[in-house]
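*Asks:* Sharing a structure with you now.
None of the figures in this text is laboratory data; all of them are computed from the coordinates on show. In this text the structure is predicted, and so the values were computed from the model without any measurement. Cβ atoms come from the backbone with ideal geometry, glycine included; neighbour counts cover every protein chain shown.
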Amino acid sequence: MRKFFSAAVAAMIGCAVACHSPLKTTDGDTGLTRVTLQTDWYPQPEHGGFYTAVVKGFYRDEGLDVTIVPGGPFTVAGRQVAAGAAEFGLSSSDKTLESVADGQPLVAVAATMQRDPQGIMVRKDSPIRSFADLNGHAVAVKPGSTWFAYIVKRFKLDGVREIPATMSVANFVADRDYVQQVFATSEPFFAQKAGIETCVLLTSDAGYNPYRVMFTSHDYLKGHPEVVGKFVRASVRGWREYMRDPAAAHAVILKLNPALNPELMEFSWRALKDGHFVDGTEDGTENFGGMTAARWSAMYQQLLDLKVFTKTFDPGTAYTLQFVGRN
């Protein structure tokens, strides 16, 4: 998950992660099945369920020896998994569909998050109260962002200007009219530390709501379905425990990524919990890991409508419900 930290923080994180080995569950010849999880960013609370599964021994209970390899701004987990450099990776359902359309043999096996924390941030007293209010304003986003193309099309924003995101909240702090792309679990923290109250408009509330997913390759799934099932089961267990108590995961994440701090991690965890990004809590029912064919089909159709890809294919090839339903 690509979070738009300040450039200084991102640089510190890169240095910190580079100085640490990937996190492994065990060392030596244990008789456990060894697999690698390639993440999409540096160690962070948004990976907390996986680190919980490591430190609490949930993977080991399933007979797995899991190595978690940190990602970064230049890491594409899908390519690593497609090439066989890792058995599992992290992404989102829209990016997974795009990868499959490009010919990569990937298949999502469970959801990490039920709701997408992607959105835009404005000041609390801003006249912008909805996405429809963005006309006439500039919005700092990562160039080519599919979610923003959806927002522009849905709300007919013919007067909005797109400017490149800067990986910083400095402009937001300096300019009260500045509007920028954020994750609800990250940038609002830095704005609040600067004394600014914020409002985040979530793309999920506007109808663009990809899952955050864990995935593998079709070949690995075909050859090792029992290992995939064990990995999913232990990971979902880890996420349940992390959302109950993040302490163990935060301790190891902080060691791996000392550019973070306990206050930021607590903010991110609280945002995940209060926003029900991980558990979903639809109709009062928790849903850790679960996915539905309807959600995948809807995302596929949105991408087709946006002409993100023009080649049609069966979206069911991009995911499997073999290991999850509504958990």
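*Asks:* Relative contact order for region 118-206: what is it in percent, counting Cα pairs under 8 Å that are at least 6 residues apart?
*Replies:* On the way: 135 pairs, mean separation 41.1, N = 89.
Relative contact order of region 118-206: 46 percent.
*Asks:* Considering only the other residues whose Cβ falls under 15 Å of the Cβ of G229, what net charge follows from Lys and Arg at +1 and Asp and Glu at -1?
*Replies:* 0
*Asks:* Continuing with the same structure: I want the local charge near W147. Using Cβ-Cβ distances under 10 Å, sum +1 for each Lys or Arg and -1 for each Asp or Glu among the other residues.
*Replies:* -1
*Asks:* Oh, and also: Taking 8 Å as the Cα distance limit and 6 or more residues as the minimum spacing, I'd like the relative contact order of the chain as a percentage.
*Replies:* Once divided by the residue count of the chain, the mean separation gives 28 percent.
*Asks:* While we're on this one: In percent, how large is the relative contact order of region 73-180, given Cα pairs closer than 8 Å and 6 or more residues apart? Intermediate results must be reported in sequence, preceding the final value.
*Replies:* Values: 99 pairs, mean separation 24.1, N = 108.
Dividing the mean separation by the residue count of region 73-180 yields 22 percent.
*Asks:* Continuing with the same structure: Between K222 and D177, how many nm apart are label points set 7 Å from Cα along the C-beta direction?
*Replies:* 5.7
*Asks:* Would you compute, from DSSP H runs of 4+ residues alone, the mean residue ellipticity of the chain at 222 nm, taking -39500 (n - 2.57) per run and dividing by the full residue count, rounded to the nearest 500?
*Replies:* One gets -10500 deg cm²/dmol as the mean residue ellipticity at 222 nm.
*Asks:* Sticking with this one: Apply 1/(1 + (r/R0)^6) to the Cβ-Cβ distance of R34 and C199, taking R0 = 51 Å, and write down the FRET efficiency to the nearest 0.05.
*Replies:* With R0 = 51 Å, the Cβ-Cβ based efficiency is 0.65.
*Asks:* Further, regarding this structure: Calculate one ³J(HN,Hα) per residue across region 267-279 by plugging θ = phi - 60° into the Karplus curve 6.51 cos²θ - 1.76 cosθ + 1.60, and present them in order as whole Hz with x for glycine and proline.
*Replies:* 4, 5, 4, 5, 5, 4, 6, 5, x, 6, 5, 8, 8
*Asks:* Can you tell me what share of the DSSP beta bridges in the chain is antiparallel? A percent to the nearest 5 is fine. Please report the intermediate quantities before stating the final value.
*Replies:* Working: 22 of 36 bridges.
Counting DSSP beta bridges with both partners in the chain, the antiparallel share is about 60 percent.
*Asks:* Which ordering of V107, V308 is given by a fewest-first count of other beta-carbon atoms within 10 Å?
*Replies:* V308, V107
*Asks:* What are the ³J(HN,Hα) values, in whole Hz, obtained from phi via the Karplus relation 6.51 cos²θ - 1.76 cosθ + 1.60 with θ = phi - 60°, for each residue of region 196-212 in sequence order, with x given for Gly and Pro?
*Replies:* Going residue by residue, I get 10, 7, 10, 9, 10, 9, 8, 5, 4, 6, 8, x, 10, 9, x, 5, 8 Hz, with x marking Gly and Pro.
*Asks:* Also, I was wondering about something else. Taking neighbour counts of Cβ atoms within 10 Å as a proxy for exposure, in what order, fewest first, do S297, S130, S99, S91 appear?
*Replies:* Exposure proxy ranking, most exposed first: S130, S297, S99, S91.
*Asks:* On to the next question. Need the C-alpha centroid separation for region 169-234 versus region 255-327, integer Å.
*Replies:* 9
*Asks:* Provide the per-residue ³J(HN,Hα) series for region 68-76, in order, calculated from phi with Karplus coefficients 6.51, -1.76, 1.60 and θ = phi - 60°, each as a whole number of Hz, with x at glycine and proline positions.
*Replies:* Computed from phi, the couplings for region 68-76 are 9, 9, x, x, x, x, 10, 9, 10 Hz.
*Asks:* Take the cross-link list K124/K273; K124/K307; K222/K273; K95/K222; K56/K193; K273/K307 and give me the ones stretching past 24 Å between alpha-carbons.
*Replies:* In this structure, K124/K307; K222/K273; K56/K193; K273/K307 lie more than 24 Å apart at Cα.
*Asks:* Turning to a different aspect of this structure: If you take the square roots of the eigenvalues of the alpha-carbon gyration tensor of region 118-206 and sort them as a ≥ b ≥ c, do you get rounded (a/c under 1.5), prolate (a/b over b/c) or oblate? Mind showing how you got there, number by number?
*Replies:* On the way: a/c = 1.59, a/b = 1.52, b/c = 1.05.
Prolate.
*Asks:* Would you mind classifying the chain by shape? Square roots of the alpha carbon gyration tensor eigenvalues, ordered a ≥ b ≥ c; an a/c under 1.5 is rounded, otherwise it is prolate if a/b is larger than b/c and oblate if not.
*Replies:* oblate
*Asks:* Let me ask something else about it. Under 18 Å from a label point 7 Å along Cα→Cβ of D314: give me every residue in region 107-122 with its amide N that close.
*Replies:* Counting backbone N atoms under 18 Å from the label point, the list is 107-109.
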